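Presented below is the structure to which this report refers.
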Number of protein chains: 2
Amino acid sequence: MSYRAPLRDIRFALKELADLKGVLALPGYEEVSEDLIDAVLDENARFVEQAIAPLNRGGDVVGAQWSDGAVTTSPGFKQAFREFAQGGWQGLLHHPEQGGQGLPKLVGAPASENINAASLAFSLCPLLTDGVIEALAAVGSRAQQDLYIPALIEGRWTGTMNLTEPQAGSDLAQVATRAVRQDDGSYRLFGQKIFITYGEHDMAENIVHLVLARTPDAPKGVKGISLFIVPKFLVQADGTLGARNDVWCASLEHKLGIHGSPTAVLLYGSGKGEVGEGAVAQLVGEENRGLEYMFIMMNAARYAVGIQGIAVSERALQLATAYAHERIQGQALEGSAGPVTIVSHPDVQRMLLTMKSLTEGARALAYVAASYCDKSRRHPDAEARARYKALYEYLVPVVKGFSTEVSVEVASLGVQVHGGMGYIEETGAAQHYRDARILPIYEGTTAIQANDFVGRKILRDGGAVAAGLAKEMRATARALQAAAETGGQHADALALIAGRLEAGVEACERATAFVLEQAGKSARPVFMGSVPYLMLAGFVHAGWQMARAALACQEHARAGAGDDFYVGKLATCVFYAGHVLPRSQALCDAVLEGEITSRYAALAVRS
Amino acid sequence: MSYRAPLRDIRFALKELADLKGVLALPGYEEVSEDLIDAVLDENARFVEQAIAPLNRGGDVVGAQWSDGAVTTSPGFKQAFREFAQGGWQGLLHHPEQGGQGLPKLVGAPASENINAASLAFSLCPLLTDGVIEALAAVGSRAQQDLYIPALIEGRWTGTMNLTEPQAGSDLAQVATRAVRQDDGSYRLFGQKIFITYGEHDMAENIVHLVLARTPDAPKGVKGISLFIVPKFLVQADGTLGARNDVWCASLEHKLGIHGSPTAVLLYGSGKGEVGEGAVAQLVGEENRGLEYMFIMMNAARYAVGIQGIAVSERALQLATAYAHERIQGQALEGSAGPVTIVSHPDVQRMLLTMKSLTEGARALAYVAASYCDKSRRHPDAEARARYKALYEYLVPVVKGFSTEVSVEVASLGVQVHGGMGYIEETGAAQHYRDARILPIYEGTTAIQANDFVGRKILRDGGAVAAGLAKEMRATARALQAAAETGGQHADALALIAGRLEAGVEACERATAFVLEQAGKSARPVFMGSVPYLMLAGFVHAGWQMARAALACQEHARAGAGDDFYVGKLATCVFYAGHVLPRSQALCDAVLEGEITSRYAALAVRS
């Protein structure tokens, strides 16, 4: 088995940290029981382990291939995608009226994590399709929803997001694709989009492109961008496919990783189709509000990419752990009759526990965020909904930035655990190292997440959400300290975790105070440390979840209901507190030196 | 120009930090002037920029190819190697009597850095050959030296190190290759070696393998390993080549990076050659002392791999810096009339300065170590020689472990600076990310360096060398503080650097005290933190060099002799102090928690 869904840890995070019970008690989930969720997770695990995971290496070796505008996906991808859709996985989170299962995001998160762990490259297709469904469901007309969403959920069609152009990457103000209004109310699009994930492929009958473009009279900048639907084949009123539209895949990129995911250059309006010149497009919502709509997709996609980080981390961890238990090399530190498996070497343990604690911390944080999201949508109390919405939105850039940066570290350690074998492609560790590297870049680089975090999540509310979380984190630290003071087997462990969490919270508070105060004077010192600040939040919030996990372990132990899982989990929490959380001090210190470092940085890059 | 040798920073590090004058004043360097060194560095830069650097990308795309036992190297490598040898670069450090230039290691370090920055994959061939020359010069017989060294220096032949076998990676006690003594005093070798860099290729007439093997009656473990010379073609007494020996390349590995460097599986004694069964071998030195001899090569090679880390960091930095000055995207933070180059964005500056300060810090540290090495060999005073030897040996695992771990981070940031373009192979940033990843693994993983550091460099002398360095570092901090107190333009910068260095030194001292005390009780808690401890030493020692650099900049400024280089250097030192040195606290904290984390780690990996 090349990948095993970490069901035990997933269930622990869902039930003991992310309040699955509370989510299932929300209005609209009356029919959804914990048993049902368990069954969904079991089936999800079975499906991805058997149908997806075995394709991952082949998808790396034989990536998507372009030939004369057509793209052939990696061996097995097409069949797997059919099974994926037939299994109902594309519709997991979407509305039952449109063919979805209507399950909470808290269940979608682990399902998506497992699919991504099985194959990042494969899973990008459903990931983008989800974003298109979510955007159409939110801002499409009823007719657009009816025409597109069911086919997307059934997997007959897939979706893409078309933002980037050669001159417009992070800066969407520069989008130049032209949209010309036609007499019949439709539009024609002309321009070039790059980095379009699954922009062309052979896994579905049709591809629904959501495209940012600019009408001739639109205002400059981001306020003049509109959002359009451009199907590869025009869709007739009855849902059947019509003429080949004027959107063409000019080439695929040659990438460091995720070779199985075709990254397309798309040309709009080159006149080669069956529709004359210009790609036939339908406006979504109103003109000039495209960026706002696109953010609906982007927020979902950013969270989803955060989950991808956890997924590739988990897969790298499993591979390295298996190797460490198998590879015989060196004597035990305390002496041994002969060579031992390398898992007994302390530095191998350090690497594996760094990988494990980062992965599990990031997972717990992401699931808690999903829980907030569900509550923000369905909580009966409006004030609670608003509170959870603020919490979720605060955490989206953290989940995205932190989980993906961490995935690069975890995948790199995964190579290191293998020693020289890790550098050999056949081992598989190198693929995770290559695949993970895109995650802190796409759907907004870590710097973009940090800008969002500082600008919209900290400065806009004066740090109110951050302060509320700090209060909750301190309560956890106090509870741990109290548990430690009652003594017992794990007293020193709980005290360590309490102390390190307390110090982490204080680091967050000091950094936030600096950001709030400094922003009023000059922004540059703040943004010199915005990524360290985002990472600080990530390490401490994930550390908080690890601290809550340790408390839960302690309660099970006290009740005599602990088993090996809880022992291992507590040990992982201890490691996180001992080896990982101290980073928060270093990150805080970097943030606080923003004034002098930004002043001198300007000198350094000039000379 | 794809790579420019960073001559200004190299000269600064040589002359203002690593005491080039002092090295040139050593006995035996009477003929070597500073002008000569400058000319050598200029010529080295010219050569690598023109002849080697342009081959790097081609060497990645078209790696070394195996066919029926023969290996064809990447396009241009063969010609470049000829020019390399003709230019005298292989002999730079070696004895003039054997055809070398006899220059100090302090000059070899930058020359080797530049060649490696131009192409890591190419440079591995000279790197290994250097190790073979050094080992033969130290422990070969006079006849062996005369027969092999001149041809190696002339580049007619190249050298390899054969340690690893499938079951014997880090643990050389498991070496199983058999050496059977023949009546004529030669030996026959039988066995399989893996991961042999340039184990087969077409760049030279002959390949001289230095091979670890075991005679039938040898003691078990590392005390029963002997070192042998196995030439690909037997060498006759007059130096001409004879029969094809029984050593064969069975295959090349398919690696994550350094594709231009053939990594061979070598079979000894398969009976296919012109010499009957068994590879004809000559013993080097005495039987059963092979490991000791191999350490001569390994110490040189470990230092050289540390230099490789600096080299790939510098190249990644140059690529990212050029892109940041060229790529237009986004508005300036303070507002701008239109989009600006991304180098003005604070987080891009943060990334570039992280890359630059780590690269320059690692460079300065490595050059200072080279200077110690030269003094350990040639200082007229025996006590001074011993002191410098201890300092150099202390620094070898730091230079190797720190510079290579850092290179992975720097190369990863290099990808990130490029955004989405960084993930496209044609950009070149991804190659550095792939190439760098081997560096913390080969010639002893970072964990092996950390074992060496803790076991041989800290515990053996009770931390005496470390304490001596701490004293020197504190003196630098005091000098900076004193300079800060005189006021002036950079007073706050100097004070920041002084404070952070002081804190870093204290972190080192606390960690060392823990290591010394704990080792007497139980080793496991020490080795749970041995890699963090090694990295702590690296960050602080490199930080010390950056602090010394800042002092030098301040002195130039005070003398009115500063220019843009010194301004940029001081700014880089400020950044290192503000953003990088704080990591020392986090690493120290991790070391100090060794007892509890190792205790719980045992539980985590069991469950």
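The values are calculated or read from the model by the stated rules, or taken from the named source; none is laboratory data. Just so it is clear, the structure is predicted and the values come from calculations on it, not from any experiment. Please note: Cβ atoms are built from the backbone with ideal geometry, for glycine as well, and neighbour counts cover all protein chains shown. These area figures cover heavy atoms from the full protein model, side chains too; ligands, DNA and RNA do not enter into them. Shrake-Rupley method; radii C 1.70, N 1.55, O 1.52, S 1.80 Å.
Things worth noting here:
- Kirkwood Rh, angstrom, segment B:400-534 [1 / mean 1/r, Cα pairs]: 17.6 Å
- Chain A: angle of helix A:346-378 to the longest principal axis, Cα-based, in degrees nearest 10: 50 degrees
- For the protein assembly as shown, the equivalent ellipsoid derived from the alpha-carbon gyration tensor has semi-axes of 50, 34, 32 Å in decreasing order.
- Partner lysines whose Cα lies under 16 Å from the Cα of B:LYS457, excluding those fewer than 8 positions away in the same chain, are identified as B:LYS389, B:LYS400.
- More than 47 angstrom apart: percent of Cα pairs within chain B: 14 percent
- Shielded by partner chains, segment B:144-183 residues - at least 50 Å² of accessible area, 1.4 Å probe, vs chain alone: B:ASP171
- Sulfur and carbon atoms: percent of accessible area, segment A:461-607 [1.4 Å]: 55 percent
- Most to least accessible of A:SER371, B:SER522 (protein chains only, probe 1.4 Å): B:SER522, A:SER371
- When the other protein chains are added to the chain by itself, burial of at least 30 square angstrom of heavy-atom accessible area (probe 1.4 Å, ligands and nucleic acids ignored) affects these residues of segment B:523-572: B:ARG524, B:PHE527, B:MET528, B:VAL531, B:ASP564, B:VAL567, B:ALA571.
- Spin-label model distance (nm) - B:ASP38 vs A:SER67, 7 Å beyond Cα toward Cβ: 6.2 nm
- Each part gets one Cα centre, and for segment A:321-335 versus segment A:22-36 those centres are 46 Å apart.
- Gyration tensor (alpha-carbon) shape descriptor, segment B:1-82, a/c threshold 1.5: prolate
- In chain A, the DSSP-assigned H stretches of four residues or longer account for a calculated mean residue ellipticity at 222 nm of -18000 deg cm²/dmol, using -39500 (n - 2.57) per stretch and the full residue count as denominator.
- Accessible heavy-atom area order of B:ASP589, A:ASP184, B:ASP461, highest first, probe of 1.4 Å: A:ASP184, B:ASP461, B:ASP589
- Residue (of A:ILE497, A:LEU516, A:ALA475) at the positive-pole extreme of segment A:471-537, dipole from beta-carbon charges: A:LEU516
- Shape annotation for segment B:469-563: C-alpha extents along the principal axes are 55, 22, 18 Å, from largest to smallest.
- Rounded to 10°, Cα long-axis angle of helix A:530-558 versus longest principal axis of chain A: 50 degrees
- Here segment A:232-289 exposes an accessible surface that is 49 percent carbon and sulfur, computed with a 1.4 Å probe and the other protein chains kept in place.
- With the simple spin-label model, which puts each label point 7 Å out from Cα in the Cβ direction, the A:GLN481 to A:ARG142 separation comes to 5.9 nm.
- Position A:PRO54, label points 7 Å along Cα→Cβ, spacing to each other copy in nm (shortest first, one decimal): 5.0
- Förster radius 30 Å - calculated FRET efficiency between A:ALA467 and B:GLU517, Cβ distance, rounded to 0.05: 0.15
- Where B meets A: accessible area buried, both sides, 1.4 Å probe, Å²: 7800 Å²
- Rounded if a/c under 1.5, otherwise prolate or oblate - segment A:302-386, Cα gyration tensor axes: prolate
- About the Cα centre, charge dipole magnitude for segment B:1-150 (Lys/Arg +1, Asp/Glu -1 at Cβ), debye: 360 debye
- Prolate/oblate/rounded label for segment A:438-481 (Cα gyration tensor, a/c 1.5): oblate
- Nearest-ten-degree value, helix B:382-417 long axis tilted from longest Cα axis of chain B: 80 degrees
- Backbone phi angles across segment B:214-229, fed through the Karplus curve with coefficients 6.51, -1.76 and 1.60 (θ = phi - 60°), yield HN-Hα couplings of 10, 6, x, 9, 6, x, 5, x, 5, 7, x, 9, 10, 10, 10, 9 Hz in residue order; Gly and Pro are listed as x.
- Principal axis analysis of the Cα atoms in segment B:446-607 yields extents of 62, 32, 24 Å, listed in decreasing size.
- With each label modelled as a point 7 angstrom along the Cα→C-beta vector, the B:ILE328-B:GLN167 pair spans 6.5 nm.
- Full-extension gain in nm, B:ARG156 to B:LYS21, via 0.36 nm per residue minus C-alpha separation: 45.2 nm
- Accessible-area loss of 40 Å² or more (1.4 Å probe, protein heavy atoms, chain alone versus all protein chains) is found in segment B:427-444 for B:TYR433, B:ARG437, B:ILE441.
- Accessible area in square angstrom per residue, the protein assembly as shown, 1.4 angstrom probe: 33 Å²
- Along the axis of the charge dipole computed for the protein assembly as shown (Cβ charges of +1 for Lys and Arg, -1 for Asp and Glu, origin at the Cα centre), the listed residues B:GLN308, A:GLY487, A:PRO582 are led at the positive end by A:GLY487.
- Charge dipole magnitude, Cβ of K and R +1, D and E -1 - chain A, Cα centre, debye nearest 20: 1180 debye
- Centroid-to-centroid separation of segment B:122-147 and segment A:273-302 [C-alpha atoms, Å]: 65 Å
- Copy-to-copy label separations for B:ARG377, where each label sits 7 Å from Cα toward Cβ, in nm and ascending: 6.9
- Label-point spacing at A:GLN236 relative to the other copies reads 8.7 nm, in ascending order, each point sitting 7 Å out from Cα along Cα→Cβ.
- Computed about its Cα centre, the charge dipole of segment B:446-607 is approximately 520 debye, with only Lys, Arg, Asp and Glu carrying charge at their Cβ.
- Convex hull of Cα atoms in segment B:209-289, direction-averaged projection (nm²): 7.2 nm²
- Positive-end extreme of charge dipole, segment A:1-158 - chosen from A:GLY88, A:VAL32, A:GLY76 (charges on Cβ): A:GLY76
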